1. Across the chain, how many lysine pairs, 8 or more positions apart or on different chains, have C-alpha atoms separated by under 20 Å? Please give the number.
2. Take the alpha-carbon positions of the chain, form their convex hull, and give its projected area averaged over all directions (one quarter of the hull surface) in nm².
3. Given a Förster radius of 22 Å and the C-beta distance between K82 and W155 as r, what FRET efficiency does 1/(1 + (r/R0)^6) yield to the nearest 0.05?
4. Which one, P22, P161, P153, has the greatest fluctuation when you compute a Gaussian network model over the chain with C-alpha springs under 10 angstrom?
5. Calculate the length of the line joining the C-alpha centroid of the stretch 108-174 to that of the stretch 52-86, in whole Å.
6. If each residue's Cβ is checked for other Cβ atoms within 10 Å, how do H70, H18, H133 rank with the fewest at the top?
7. Place a +1 charge on the Cβ of each Lys and Arg in the stretch 1-105 and a -1 charge on the Cβ of each Asp and Glu, then give the dipole magnitude about the Cα centre in debye, rounded to the nearest 20.
8. I'd like the FRET efficiency for N141 and W39, computed as 1/(1 + (r/R0)^6) with the beta carbon distance as r and R0 of 35 Å, rounded to 0.05.
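Every number here is computed from the coordinates shown, using simple stated rules; none is lab data. Since we're looking at a predicted model, the values are computed, not measured. Positions of Cβ are generated from backbone atoms using ideal geometry, with glycine treated the same way; all protein chains shown enter the neighbour counts.
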Amino acid sequence: ELEAWYMDESREDQKLPHRLEPNQRVTPRQLEQIGVYHWKLNADIYENDPELQKIREEKGYSYMDIITIHPDKLPDYENKVKMFYEEHLHLDDEIRYILDGSSYFDVRGKDERWIRIAVSKGDLITLPAGIYHRFTVDESNYTTAMRLFVGEPVWKAYNRPADDFDIRKAYVNSLRRRP
Ligand code: KMT
Ligand code: NI
């Protein structure tokens with residue numbers, strides 16, 4: 001089960017957990033209500049995993065590549081880590097399968113508060129098109145992730161404010177239909 005919590009307001013290091021005191025958990029069901037879905041898979045067999053194949057076929061995740069986020073592996077590491085942490089949205093779902101290491105995805109809850117989602121090896125997570133979110137490594141400074149996409153990938157990120165996009169409006173409307 002994915003662990004998620006409401007973040008504190010501190011401006012401290014983005015790589016820290018930023019839990020409230022006391023911790024305020026967000027359940028998988030609450031995440032589904034804002035369109036965030038999760039599967040747990042066996043990342044040791046990702047190259048030949050029938051469960052992963054089934055999800056990819058059912059969802060049409062035809063494209064995949066693998067990114068390693070680590071100071072020695074990712075060119076321009078510190079800048080990229082900063083860039084991933086800018087609040088943004090995409091016109092398509094963001095689908096990531098963590099093959100190794102750990103990190104955080106932050107998403108805006110219904111009330112606009114930041115929710116921090118801890119992901120680690122074996123977590124496949126999908127963020128819906130139009131949701132405001134950001135990503136950060138944690139204190140381990142290490143994540144390897146498979147990036148999945150329906151068709152030819154479009155990585156373009158639109159930083160907030162991006163409220164005029166049809167996909168944003170559709171996302172906001174979908175929240176009203178999911179009380
Ligand atoms: C994004 O859109 O913020 C990212 O792709 C983050 C890095 S992938 C683990
Ligand atoms: Ni993104």
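1. 14
2. Across all orientations, the chain yields a mean hull projection of 10.6 nm².
3. 0.85
4. P22
5. 12
6. If I rank by nearby Cβ atoms, fewest first, I get H70, H18, H133.
7. Computed charge dipole of the stretch 1-105: roughly 160 debye.
8. 0.85
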